[in-house]
Amino acid sequence: MKARTKPPASATLGEALGVRGRKLVAVEWVDSNVRTGWSSPDRAPSVTPCVSVGWIVGKSKAAISVAPHMSVDESPEANGIMTIPRACVKRIREI
């Protein structure tokens with residue numbers, strides 16, 4: 001692994017951390033949930049608000065994928081990739 005040089009003041013957080021060409025984002029989204037055991041069938045349905053933070057590693061009209069872990073070597077790899085359906089996404093904020 002090469003020694004890193006100090007990034008320019010205008011560098012993004014990802015660039016400063018050694019991840020180049022990827023946007024670091026917080027994705028706010030909603031997930032389904034399940035009730036187990038006995039419960040009232042008249043209870044109003046609800047969703048679970050979630051937030052996922054990571055680098056965008058894929059996107060399409062149907063979904064966005066973020067990875068919270070990225071290697072910073074010559075051939076970067078991602079770990080822990082979460083793919084979220086676009087229909088569930090409420091907001092994406094660049095960090």
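How about the stretch 55-95: which of its residues are exposed (fewer than 11 other Cβ atoms within 10 Å of the Cβ) and among the aliphatic types (A, V, I, L, M)?
ALA62, ALA87
Filter the stretch 75-95 down to residues that are under 18 Å from VAL19 (Cα atoms), touching a residue at least 24 places away in the same chain (Cβ under 8 Å) and charged (D, E, K, R), then give me how many there are.
2
When you scan the stretch 18-28, do you find a residue that is surrounded by fewer than 12 Cβ atoms within 10 Å (Cβ to Cβ), at pLDDT 85 or above, under 25 Å from the mean Cα position of the chain (by Cα) and not in a helix (DSSP H, G or I), even just one?
There is no residue in the stretch 18-28 that is surrounded by fewer than 12 Cβ atoms within 10 Å (Cβ to Cβ), at pLDDT 85 or above, under 25 Å from the mean Cα position of the chain (by Cα) and not in a helix (DSSP H, G or I).
Output yes when any residue across the stretch 55-73 is in a strand (DSSP E or B) and over 28 Å from LEU17 (Cα atoms), and no when none is. Talk me through it step by step, then tell me what you get.
Our first condition is that a residue be in a strand (DSSP E or B); within the stretch 55-73, this holds for 55-59, 63-67, 69-70.
Then keep just the ones that are over 28 Å from LEU17 (Cα atoms); that gives none.
No, the stretch 55-73 contains no residue that is in a strand (DSSP E or B) and over 28 Å from LEU17 (Cα atoms).
Look at LYS6 and say whether it is part of a loop (DSSP other than H, G, I, E, B), more than 13 Å from the chain's Cα centre (by Cα) and modelled with pLDDT of 95 or more.
Numbers: part of a loop (DSSP other than H, G, I, E, B): yes; more than 13 Å from the chain's Cα centre (by Cα): yes; modelled with pLDDT of 95 or more: no.
In short, no.
Against the conditions (1) in contact with a Pro (Cβ under 9 Å, 6 or more places away or on another chain); (2) at pLDDT 90 or above, where does HIS69 fall short? Just the number, please.
Result: HIS69 fails condition (1) only.
So for the stretch 36-52 (the condition being modelled with pLDDT of 95 or more, closer than 14 Å to VAL19 by Cβ and not charged (D, E, K, R)), does at least one residue qualify? Explain how you work it out, then say what you get.
To start, the set of residues in the stretch 36-52 that are modelled with pLDDT of 95 or more comprises 49-52.
Within this subset, residues satisfying the condition of being closer than 14 Å to VAL19 by Cβ are none.
No, the conditions are met nowhere in the stretch 36-52.
The values are calculated or read from the model by the stated rules, or taken from the named source; none is laboratory data. What you are looking at is a predicted structure, and each value in this text was computed from that prediction instead of being measured. We place every Cβ from the backbone using ideal geometry, glycine too, and count neighbours over all the protein chains shown.
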